[in-house]
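To start, the structure itself, in structure tokens.
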Amino acid sequence: MTASRRVTRPSMGPRRRWSASKRKAVRSNSESSTLTRKIWQIVAKLVFVGALVAFTYSLLPGQVELPPGAPIDHGSVDRTSTVALFTSPYAVDNYSARLSWDWDVVSGNSQATLFAVVRSRTAQGSLVLGGPVSQLVEACFINGAPTALSQGMPNTLGFPLPEKARFWFETRPEDKVMRVDFQGDPGPGGVVIICEVRGFSSDVPPDHYLYSPMLTAYADGSGAVTEEDLSAAEVCVSTNNAQDFQVLRECADTLNLVPKVEAQEQMINLPQEQGIRETHLILIGALAGVAAATLFDIVNSLLKLIRIPKRKSSPRT
């Protein structure tokens, strides 16, 4: 009998172990790369959420800040804006002097305008601005022509000012007092002074917080007015109350030679601008929703990363 020959095949153990080790290393590198990528994705989402939250917070309605022209302290001369109209002569036919403060709200922006009208072909005088308003005038016009403001109180009025007319100016620094001087106009309309003023409103549509300076006026000779001749008392100051569309008005008479309208604050609400506020609030809600959804996704991703896999139970023998 021929003995059977035994063929020995080469062992596959080392190759299998090497292949398994390689696969394990590749799998480990792949898992590490995937983990790193997920971590960076989470970091990027966190940065995005942080920026979104900061932007949303900046859109939240906050406290309305006072504009520079707002009357901060009515008892302080330096911090209260005062406008005065001083004119002469008074005792002429068809004479009138009026100082007024008006408002206009266009496209959500409030614009204040100061008007001084002196109806006399011979009158001269000055429109004087003291305090913050003196630095907030954008432009002034006399009968439509641009005019420059001068510094300090007028010294060519030709008549002394009563104490009530001087009080709000005499203690101010000279650089905080500005004026527009005028001389009688040969035309039938007299002198018309218009000044555009900024910094007297806080606009948060549809709400508008409006402020006005103190207005005073004095004409030389107004002390001669009698109760029987009040028609000659055409020295008046006025300001619009935009909230109820009324005009606050005061004129000179025998007891009040220097008419005055106090500085005031008012708030108006324009219904046609309500959509601006609603759009603003909708935008804030949408951004907050996106931030919340992204944050939820981040938390969910973190939970998946830190979740400990369950160990497989060994088979019972």
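The values are calculated or read from the model by the stated rules, or taken from the named source; none is laboratory data. From a predicted model like this one, the values you see are computed outputs, not experimental measurements. Glycine gets a Cβ as well: all are built from the backbone with ideal geometry, and neighbour counts include every protein chain shown. Side chains included, ligands, DNA and RNA excluded: accessible areas come from the protein's heavy atoms. Shrake-Rupley method; radii C 1.70, N 1.55, O 1.52, S 1.80 Å.
A few points about this structure:
- Pairs of Cα atoms farther than 16 Å apart, segment 129-183, %: 47
- Exposure of V117 as accessible area (Å², to 10), given a probe of 1.4 Å and all protein chains: 10
- Peptides 204-215, 156-167 ordered by average Cβ neighbours within 10 Å, highest first: 204-215, 156-167
- Rounded FRET efficiency, nearest 0.05, which uses the C-beta distance separating A145 from L248 and R0 of 51 Å: 0.95
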